[in-house]
Amino acid sequence: MAYVNVSRDPERNFKNGYLATSLLGLGTTLVTFTKQVFGLEESNTVQWPEVEYQYSDRFKGAHFLTKRPDGRVRCTACFLCATNCPAQCITIVAGESPDKGVEKYPVRFEIDILRCVFCGYCEEACPVDAIRLGPEYSMAGLAERKWVYTKDYLLERDAVKRKVGEKQTSKKDENVKHDSVDSSLPNIHIGGSDGH
Amino acid sequence: MSNQVTLSINNQSVTVPAGSTIMDAAQKAGVSVPHFCWHPGLSIAGVCRFCMVKVEGMPKLQIACNTPASEGMKVDTVSDEVKETHKWALEFHLINHPLDCPICDQAGECELQNYYMKVGKYQSQMEDQKVLKPKALDVGDTLVLDTERCILCSRCVRFEDEVTKTSTLGIFNRGDQATIGTYPDRKIKHNYSYNLADICPVGAFTAKDFRFKCRVWFLKETKTVCPGCSTGCNVNLFQNSNQREYYRLKPRHNADVNGHWMCDTGRTMYEHLNASARLASPLLSGQSISSAAALQAVADAVKGLSADKVALVLTAQYTNEEYAGVLSSLKTVLKGTPKVFVWRDESEKADDFDGILFRGDRNPNTRGMMDVLKEHAIQPTMLKGDFSALAGTSPEVTVVMGPEIEAGYPNLQKALSRFSEMKKAVYFGNSLTDAAKKFWLRVPVKTFAEKSGTFVNFNGVAQKLKANPPVFTNVKAVDEYFAEVGKLAHTAG
């Protein structure tokens with residue numbers, strides 16, 4: 001049988017050694033530094049937080065909830081985001097909306113942002129365009145901060161208003177509801193109906 | 001001519017009694033024929049036209065639910081022709097269906113949804129606007145009606161006419177305006193209303209009790225027995241196992257006991273199972289202590305007492321195994337049989353029966369308890385409104401195995417106050433009532449959902465309970481506690 005001796009690197013010589021490569025790297029750094037100091041080359045470094053980096057519109061940052069044109073929450077508490085969430089970080093408590101055309105709405109909508117993996121599956125699952133991953137990427141904070149994003153925070157925080165603005169109102173078509181959704185009995189009992 | 005006919009379904013031969021339908025034969029052969037309006041517990045309506053099957057020799061497809069099976073019939077349920085028919089039947093059922101599955105409680109267990117996933121057209125060819133109808137109607141204390149979602153299968157109308165005979169519901173108007181609804185000034189208010197939500201194949205009827213609380217795909221079911229009365233209906237108990245929270249009960253078919261139904265009283269039997277409604281740890285004179293310390297206290301109290309100084313008060317809400325375990329442990333410790341009392345509520349009319357399922361005896365295991373006591377040759381004394389028999393024996397220790405379902409004991413507070421006046425009164429049960437707080441020692445126990453055991457119903461049918469993981473891990477069943485007490489008293493003595 002043939003053996004390959006791997007105990008010694010055949011390429012090993014002074015040129016590939018530690019000292020030479022370290023000096024080579026330092027040289028590159030010094031050359032680039034000098035060029036940038038004298039304005040011969042532009043720097044790629046962004047001076048965060050003084051300067052904010054502009055990610056693309058499709059960036060998946062911290063979540064926000066969209067609104068209906070009248071300003072109410074768009075979410076219908078269908079739980080599809082919570083079902084689809086691989087990190088199980090979404091907690092929803094559904095309630096009966098006073099508006100019968102809406103019927104169901106989230107009383108509580110919470111995202112445990114420390115568990116979130118920013119996969120965007122909640123956004124994918126949502127049938128009514130109610131949850132989106134926004135452009136906000138700077139989320140660091142101290143331990144005492146509230147790491148569970150509440151419904152109010154997801155709807156109303158300043159960072160979203162500043163960065164998303166008008167786009168927080170979803171333009172997706174709503175189901176058209178009949179006037180009779182507010183009647184207490186089927187419309188057959190109200191006034192003289194045809195048929196019957 | 002024999003009274004059996006043999007036919008073949010998908011080349012599988014099956015023999016059924018003459019007069020059966022193709023649907024009956026298919027059920028027997030284990031072939032599933034999709035259906036909406038047909039329900040084994042109701043009469044045949046044949047209105048949904050969905051259970052179409054191909055019968056050899058007949059030019060058109062036939063509905064399985066209303067076509068009698070005949071000798072030598074050749075039925076096919078899987079051919080492309082049948083599938084194509086199902087696809088189009090669904091398309092027509094969905095013409096006016098609102099498709100608001102995201103906010104519909106039925107989603108996940110909806111027949112319409114399930115069949116659509118299997119044989120749906122996916123690209124609808126309907127161009128007209130949907131007919132809009134009233135939604136979220138209040139049709140009674142227990143149900144919400146959405147007439148848009150309804151596919152007019154008439155199951156609910158037949159249920160009201162045939163099972164409860166209340167006839168509250170009807171189908172009004174014609175054609176695409178046809179609407180299900182209650183008659184003017186009438187509401188659904190019988191004790192079997194939640195069955196309407198069960199049999200509704202879509203989300204037209206939804207239960208107020210369960211409305212918007214949890215999506216059904218988070219729930220896991222356990223096959224168990226309802227502890228609400230002595231009928232012992234077979235039920236599925238639904239738990240969200242991540243939250244350790246119980247949400248509802250649904251009936252499970254058992255022709256010998258409950259058929260397809262259960263009552264609304266039984267549907268509330270999940271409420272006392274959740275942590276918020278239960279005692280979490282033993283309390284000695286109001287102080288929370290460990291289970292081990294509580295059992296030590298019981299063992300110290302009964303140690304060295306003669307058997308007639310210990311009174312055991314039973315309620316018929318525990319399993320046979322628990323009664324047997326408690327009695328044999330106590331017999332060993334006391335070297336004799338303690339005085340046994342059976343506590344019944346004073347307002348109880350045990351022989352009441354509503355004609356369908358619900359019985360006046362609100363204890364699930366009266367028969368079983370009496371059988372166990374007979375086996376141990378014990379003649380119990382009845383305590384029903386009059387507690388002098390117990391006070392007359394002046395016991396040193398009184399052990400009360402309290403009722404798990406307190407709704408069956410309207411005079412619970414009064415009775416508990418009487419028991420707690422006894423010397424060293426020990427209460428096994430999860431009651432959080434004020435009267436229970438007066439006991440010397442209170443020990444929480446497992447509920448019916450957390451233990452395996454046997455209930456014997458009014459008719460002598462023994463049925464097994466199936467255990468879920470416990471809500472509180474430190475809480476045990478009474479027989480397990482007494483086995484422990486037996487060991488402690490033995491080592492101490």
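Each listed q (0.21, 0.22 Å⁻¹) maps to a log10 I(q)/I(0) for region B:317-414, found by the Debye formula over equal Cα scatterers with no solvent: -1.26, -1.35. Given R0 = 60 Å, the distance between the Cβ atoms of A:N16 and B:T268 translates into a calculated FRET efficiency of 0.15. Roughly how many Å is it from the Cα centre of region B:181-237 to that of region B:385-411, as a whole number? That distance is 34 Å. Each Lys or Arg adds one and each Asp or Glu takes one away; over the other residues whose Cβ falls under 12 Å from the Cβ of B:L283, this sums to +3.
Pairs spanning more than 30 Å between alpha-carbon atoms, out of B:K118/B:K165; B:K374/B:K438; A:K104/B:K220: B:K118/B:K165; B:K374/B:K438.
For chain A, relative contact order (Cα pairs under 8 Å, six or more residues apart, normalised by length) works out to 21 percent. Which angle from 0 to 90°, rounded to the nearest 10, does the C-alpha axis of helix B:291-302 make with the longest principal axis of chain B? That helix lies at roughly 50 degrees to the long axis. For peptide B:134-145, the mean count of partner chain Cβ atoms within 10 Å of a residue's Cβ comes to 4. Rounded, prolate or oblate, given the Cα gyration tensor of the protein assembly as shown, with a/c below 1.5 counting as rounded? Oblate, because a/c is 1.5 or more while a/b does not exceed b/c. Going from the fewest other Cβ atoms within 10 Å to the most, the residues B:D80, B:D256 appear in the order B:D80, B:D256. For B:C48, the residues 5 or more places off, or on other chains, whose built amide H falls under 5 Å of its own are B:C37. Each Lys or Arg adds one and each Asp or Glu takes one away; over the other residues whose Cβ falls under 11 Å from the Cβ of B:R359, this sums to -3.
By its C-alpha gyration tensor, with a ≥ b ≥ c as the square roots of the eigenvalues, how is region B:7-138 shaped: rounded for a/c under 1.5, else prolate for a/b larger than b/c, else oblate? Taking the square roots of the gyration eigenvalues as a ≥ b ≥ c, region B:7-138 is prolate. Mind checking the angle between helix A:18-37 and chain A's longest principal axis? C-alpha axes, 0 to 90 degrees, to the nearest 10. The answer is roughly 60 degrees. Residues whose amide H lies under 5 Å from that of B:F353, counting only those 5 or more places away or on a different chain, are B:G360; hydrogens are built 1.01 Å from N in the peptide plane. To the nearest ten degrees, helix B:366-375 and the longest principal axis of the Cα atoms of chain B are 40 degrees apart.
Across region B:309-323, rounded Karplus estimates of 3J(HN,Hα) from the backbone phi angles (6.51 cos²θ - 1.76 cosθ + 1.60, θ = phi - 60°) give 9, 10, 10, 10, 9, 10, 10, 7, 10, 10, 7, 3, 4, 5, 4 Hz, Gly and Pro being marked x. Remark: region B:225-239, residue by residue, has Karplus-estimated 3J(HN,Hα) of 10, 5, x, x, 7, 7, 6, x, 4, 6, 9, 9, 9, 9, 10 Hz, where x stands for each Gly or Pro and the curve is 6.51 cos²θ - 1.76 cosθ + 1.60 at θ = phi - 60°. Sorted on the mean count of surrounding Cβ atoms within 10 Å across their residues, most packed first, peptides A:149-161, B:137-149 read B:137-149, A:149-161. For the residues of A:104-112, the average number of beta carbons from a partner chain within 10 Å of their own beta carbon is 1. Here the Gaussian network model covers chain A, with springs between Cα atoms less than 10 Å apart; of A:P135, A:P106, A:P98, A:P98 fluctuates the most. For region B:10-58, the convex hull drawn through the C-alpha positions has a volume of 102 cubic angstrom per residue. Mean sequence separation of contacting Cα pairs (under 8 Å, at least six apart), scaled by the length of region B:144-282, corresponds to a relative contact order of 18 percent. Distance between the modelled labels on B:Q177 and A:R162, one decimal in nanometres: 5.8 nm (7 Å Cα→Cβ projection). When B:C150, B:C226, A:C89 are sorted by how many other C-beta atoms sit within 10 angstrom of their C-beta, beginning with the fewest, the order is A:C89, B:C150, B:C226. Principal semi-axes of the equivalent ellipsoid, √(5λ) from the alpha carbon gyration tensor of chain B, are 53, 24, 20 Å from largest down. Give, as a single signed number, the net charge of other residues whose beta carbon lies under 10 Å from the beta carbon of B:G120, with Lys and Arg counted +1 and Asp and Glu -1. Taking every Cβ under 10 Å from that of B:G120, the sum is +2. A helix-only calculation puts the protein assembly as shown at -6500 deg cm²/dmol for mean residue ellipticity at 222 nm, using -39500 (n - 2.57) for each DSSP H run of at least four residues, averaged over all residues.
Residue farthest toward the positive end of the dipole of region B:174-288, with Cβ of Lys/Arg at +1 and Asp/Glu at -1: which of B:C233, B:S281, B:T268? The residue sitting farthest along the positive end of the dipole is B:S281. Spin-label pair B:D185-B:A18: with each label point 7 Å from Cα along the Cα-Cβ axis, the two points sit 5.2 nm from one another. Largest GNM mean-square fluctuation across A:S56, A:S43, A:S22, computed for chain A with C-alpha springs under 10 Å, falls on A:S22. Classify region B:354-493 from the C-alpha gyration tensor, please: rounded if a/c falls under 1.5, else prolate or oblate depending on whether a/b exceeds b/c. Note, shape of region B:354-493 comes out rounded. Extension gain for the segment B:V461 to B:K414, taken as residue separation times 0.36 nm less the Cα-Cα distance, is 13.6 nm to one decimal.
Between B:S328 and B:Q243, take the C-beta separation as r, use R0 = 56 Å, and let me know the FRET efficiency to the nearest 0.05. About 0.90, to the nearest 0.05. Calculated FRET efficiency, B:Q379 to B:K303, Cβ-Cβ distance, R0 = 41 Å: about 0.95 to the nearest 0.05. By other beta-carbon atoms within 10 Å, ranking B:E346, B:E484, A:E144, A:E124 with the fewest at the front produces A:E144, A:E124, B:E346, B:E484. The packing ranking of peptides B:453-460, B:361-368, highest mean first, is B:361-368, B:453-460, where packing means the average number of other beta carbon atoms within 10 angstrom of each residue. Run the lone-cysteine check on chain B: no other Cys C-beta under 4.7 Å from the residue's C-beta. Result for chain B is B:C51, B:C65, B:C101, B:C104, B:C110, B:C150, B:C156, B:C200, B:C214, B:C229, B:C263, no neighbouring Cys Cβ within the cutoff. Backbone N atoms of region B:248-266 closer than 20 Å to the 7 Å Cα→Cβ label point of B:A277 belong to residues B:248-252, B:262-266. Taking amide H as placed 1.01 Å from N in the peptide plane, A:T169 has its amide H under 5 Å from the amide H of A:K67, each at least 5 places away in sequence or on another chain. Using C-alpha pairs below 8 Å separated by at least 6 residues, the relative contact order for chain B is 12 percent.
FYI, it's all coordinate maths here, none of it is from the lab. This is a predicted model, so every value here is computed, not measured. Cβ: placed from backbone, ideal geometry, glycine included. Neighbour counts: every protein chain shown.
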